[in-house]
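Undergrad: Take this structure first; my questions come after.
The values are calculated or read from the model by the stated rules, or taken from the named source; none is laboratory data. All values derive from a computational prediction rather than experimental measurement. All Cβ positions, even for glycine, are placed from backbone atoms using ideal geometry, and neighbour counts span all protein chains on display. Ligands, DNA and RNA are excluded from the accessible area calculation, which covers all protein heavy atoms including side chains. Shrake-Rupley method; radii C 1.70, N 1.55, O 1.52, S 1.80 Å.
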Amino acid sequence: MTFALTDLIVSQAKTLAVMFCAGIFVESLWQVKKQIQAASKQRLWRVLVESIFWAASAAALSAFLYYCAYGRLSFHAVMGFLAGFLLWKKLFPVFWRRG
């Protein structure tokens with residue numbers, strides 16, 4: 001008995017893998033944002049960093065999603081993103097915390 005990978009399965013696996021990497025990237029941006037905000041004392045700087053984070057995250061997510069599925073949002077794309085985001089958050093918490 002042989003198993004054949006159809007084009008649909010290959011496409012879904014690619015979407016899952018790419019969005020997993022997108023989750024890792026966004027979580028890394030989140031950790032950098034938190035570190036910059038923790039080091040900053042000025043409210044304006046913290047708001048600016050927050051705005052830059054959300055703009056960069058939106059641009060990255062749309063680029064990753066367009067690359068893997070031409071912008072089509074699907075269940076496995078969302079699950080791949082969440083898996084990458086949460087796994088990276090769990091395995092690599094901000095390890096350069098001060099204090």
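Undergrad: So how many Lys-Lys pairs in the chain land under 21 Å Cα to Cα, not counting same-chain pairs under 8 apart?
TA: Going through the chain pair by pair, I get 5.
Undergrad: Still on this structure, please answer the following. Between Ile52 and Ala39, what is 0.36 nm times their sequence separation minus the Cα-Cα distance? Round to one decimal in nm.
TA: 3.1 nm
Undergrad: About its Cα centre, what dipole magnitude does the chain give when the only charges are +1 on Lys and Arg Cβ and -1 on Asp and Glu Cβ, stated in debye to the nearest 20?
TA: About 620 debye.
Undergrad: Just name one of Gly23, Tyr70, Ala13: the one whose Cα is farthest towards the positive end of the charge dipole of the chain (beta-carbon charges, Lys/Arg +1, Asp/Glu -1).
TA: Gly23
Undergrad: Quick one: dipole size for region 1-54, taken about the Cα centre, charges +1 on Lys/Arg Cβ and -1 on Asp/Glu Cβ, in debye to the nearest 20.
TA: 440
Undergrad: Of all accessible surface on the chain at a 1.4 Å probe, what whole percent is carbon and sulfur?
TA: Result for the chain: 71 percent of the exposed heavy-atom area is carbon or sulfur.
Undergrad: Could you work out the helix-only [θ] at 222 nm for the chain, with each DSSP H run of four or more residues adding -39,500 (n - 2.57) and the total divided by the number of residues, to the nearest 500 deg cm²/dmol?
TA: -27500 deg cm²/dmol
Undergrad: How would Lys41, Lys90, Lys14, Lys33 line up by accessible area, probe 1.4 Å, largest first?
TA: If we order Lys41, Lys90, Lys14, Lys33 from most to least accessible, we get Lys41, Lys90, Lys14, Lys33.
Undergrad: At 0.36 nm per residue, minus the direct Cα-Cα distance, what do Leu8 and Lys90 gain on full extension? Give it in nm, one decimal, please.
TA: Gain on extension, Leu8 to Lys90, equals 26.4 nm.
Undergrad: Can you compute 3J(HN,Hα) from phi for each residue in region 23-40, using the Karplus curve 6.51 cos²θ - 1.76 cosθ + 1.60 with θ = phi - 60°, rounded to whole Hz and x for Gly and Pro?
TA: x, 5, 5, 5, 5, 5, 4, 4, 5, 5, 4, 4, 5, 5, 5, 5, 7, 8
Undergrad: Which whole-number value in Å² is the accessible area per residue of region 25-81, probe 1.4 Å?
TA: 67
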